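*Asks:* So that we are looking at the same thing, I have put the structure below in structure tokens.
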Amino acid sequence: MSRFFGFELGRHQRRRSKFVRKELTKPDGSQVVVYFKLYGYRRLRRAFSRILKPTRSKNEFANLKFFQKLGIPVCVPMVQGEYRNAFGIPRNCMIITLEVTGASQLDHFIASLEESDEPSEVKADLRRQIIESIATNLRKIHDEHFYHDDLKWRNVLVRRVGEQGEKVEVFWIDCPNGYFDKTGGMRSQHGIVKDVATLDHLAWRNCSLEERLYFLSCYLGLEIDDPKLRDFADEVVEYRKKKLDD
């Protein structure tokens, strides 16, 4: 299967992951577009750590299925696989997902929206819908004690729908690092703060303070002027500045 997409299994990869977009013909003659992503283990330490643990592609497949179960739109996972050597050490793993047609990365979508000549109220409403969608779905996974660990804007896709393009659909993609932690301890709190701060890494440059506080209000279910919301906002900003900002 890997060769069909142009990759040789077992060969050393300089990059941690590679992907290719391909149009396939189904038995009924219709066309479908898929993404084939190949992960490689460049470092022996990382490869050894996966001898008894699921590979990145297996994690990603399971995590996307979990999101679907919660009603979160995703790039639909189709199949995943892995290649291990005779000692059980993974060299490559792979996953195939369906393309989300007509969608673009969140950062690209916001940039295009701001450059358009649409009325400001239309832009504001679309941005509000995106904020509410991401905040609501982030709350869903955190309530299940699941943490994305890489919720960057590029891992969120957006497309416009409706007769006038007045609504948006927001999809989550690319989650090989997500994990469950039901201890309720520091690791869980770290997962919560990191997910929100990762989103804020670009939000503080591209969104108003009001929009960022509205996101936290939707996520926490609190009023914007609630002291608990402000305390959490301070914690998120402190983490972002310390760990994520350049």
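*Asks:* Output the number of the condition that residue 223 fails; it satisfies all remaining conditions of (1) out of contact with any Ser or Thr (no Cβ under 7 Å at 6 or more places or on another chain); (2) without any contact (Cβ under 8 Å) to a residue 12 or more places away in the chain.
*Replies:* (1)
*Asks:* Find the residue count for segment 109-158, including only residues that are more than 20 Å from residue 210 (Cβ to Cβ) and hydroxyl-bearing (Ser, Thr, Tyr).
*Replies:* 3
*Asks:* While we're on this one: Among the strands (runs of 3 or more DSSP E) confined wholly to segment 1-100, which include 1 or more residues that are open to solvent by 30 Å² or more (accessible area, probe 1.4 Å), within 26 Å of residue 161 (Cβ to Cβ) and of a type in the set (Val, Ile, Thr)?
*Replies:* 31-40
*Asks:* Something else about it: How many of the residues in segment 45-62 are under 17 Å from residue 19 (Cβ atoms) and either modelled with pLDDT under 95 or of a type in the set (S, T, N, Q) (or both)?
*Replies:* Summing the residues that are under 17 Å from residue 19 (Cβ atoms) and either modelled with pLDDT under 95 or of a type in the set (S, T, N, Q) (or both) in segment 45-62 gives 4.
*Asks:* Here's a follow-up. Out of the residues in segment 134-190 meeting the condition of being surrounded by 13 or more Cβ atoms within 10 Å (Cβ to Cβ) and of a type in the set (Gly, Ala, Ser), tell me which one is farthest from residue 109 (Cα to Cα).
*Replies:* Among those that are surrounded by 13 or more Cβ atoms within 10 Å (Cβ to Cβ) and of a type in the set (Gly, Ala, Ser), it is 188.
*Asks:* Now a separate question. For segment 133-152, indicate whether the set of residues that are assigned to a strand (DSSP E or B), touching a Gly at 6+ places or on another chain (Cβ under 7 Å) and either closer than 22 Å to residue 35 by Cβ or of a type in the set (D, E, K, R) (or both) is non-empty.
*Replies:* Within segment 133-152, not a single residue is assigned to a strand (DSSP E or B), touching a Gly at 6+ places or on another chain (Cβ under 7 Å) and either closer than 22 Å to residue 35 by Cβ or of a type in the set (D, E, K, R) (or both).
The values are calculated or read from the model by the stated rules, or taken from the named source; none is laboratory data. Treat the numbers as computed from the prediction; the structure is a model and nothing was measured. Using ideal geometry, Cβ is built from the backbone for each residue, glycine included, and neighbour counts are taken over all protein chains shown. Surface areas here come from the heavy atoms of the whole protein model, side chains and all, with no ligands, DNA or RNA. Shrake-Rupley method; radii C 1.70, N 1.55, O 1.52, S 1.80 Å.
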